[in-house]
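Here the structure is laid out as structure tokens; the discussion comes afterwards.
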Amino acid sequence: MSGRKGLAVLCAAILLLALSLAGCEKASDTPPPEAAQAAFDHVREGYTQEDATLFTQDFSEVMFAGHDAEWYLGVARDLKERFGAWGEAVYLGAQDSQYTWRVSFDKGKLKVLIVLDEDERVSGLWFR
């Protein structure tokens with residue numbers, strides 16, 4: 001096998017392994033803290049109802065540096081257009097003050113990561 005062909009086979013194998021493991025995250029044995037669950041629920045409900053106030057209800061001031069609640073709702077609408085309705089969610093666990101869920105949408109699965117600050121306010125939100 002030539003060097004390039006071998007490298008291509010190795011890259012393909014790694015890609016297939018990564019794709020097969022992508023949906024294999026194990027649900028956490030412990031539930032999220034109350035503040036993290038409440039923030040997640042408000043983001044989910046705001047996404048579903050297209051309600052900017054609800055979506056950003058638990059956001060800290062740092063989240064509004066350069067963006068307002070309507071801007072975040074626009075991002076949620078873009079996600080909704082691309083991925084569809086919010087479905088089942090599984091809490092995967094926490095690392096430091098970062099709490100992660102795997103959410104099934106109509107058109108795929110994403111991880112939703114919420115970071116809480118020392119006042120238990122959302123200081124980071126990612127859909128990956």
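Coordinate-derived values only; no laboratory data. The shown structure was predicted, so the numbers you read here are calculated from the model rather than taken from an experiment. Cβ atoms come from the backbone with ideal geometry, glycine included; neighbour counts cover every protein chain shown.
Assorted remarks:
- Condition check for residue 75: touching a residue at least 12 places away in the same chain (Cβ under 8 Å) and either under 15 Å from residue 126 (Cβ atoms) or surrounded by 13 or more Cβ atoms within 10 Å (Cβ to Cβ) (or both): no
- In summary, strands (runs of 3 or more DSSP E) completely within the range 28-128 and bearing 1 or more residues that are of a type in the set (D, E, K, R) occur at 86-95, 98-105, 108-116.
- Evaluating residue 66 against the criteria (1) surrounded by 13 or more Cβ atoms within 10 Å (Cβ to Cβ); (2) on the phi > 0 side of the Ramachandran plot; (3) not polar (S, T, N, Q) leaves one unmet condition, (1).
- Leading residue by the ranking (farthest from residue 120 (Cα to Cα)) among those in the range 81-102 that are free of Cβ contacts under 8 Å to residues at least 40 places away in the same chain and buried (at least 17 other Cβ atoms within 10 Å of the Cβ): 83
- Qualifying residue in the range 85-106 (condition: in contact with a helix residue (DSSP H, G or I) (Cβ under 7 Å, 6 or more places away or on another chain) and basic (Lys, Arg)): no
- Total residues in the range 39-51 satisfying the condition of being more than 11 Å from residue 122 (Cα to Cα) and either out of contact with any Leu (no Cβ under 8 Å at 6 or more places or on another chain) or surrounded by fewer than 17 Cβ atoms within 10 Å (Cβ to Cβ) (or both): the figure is 7.
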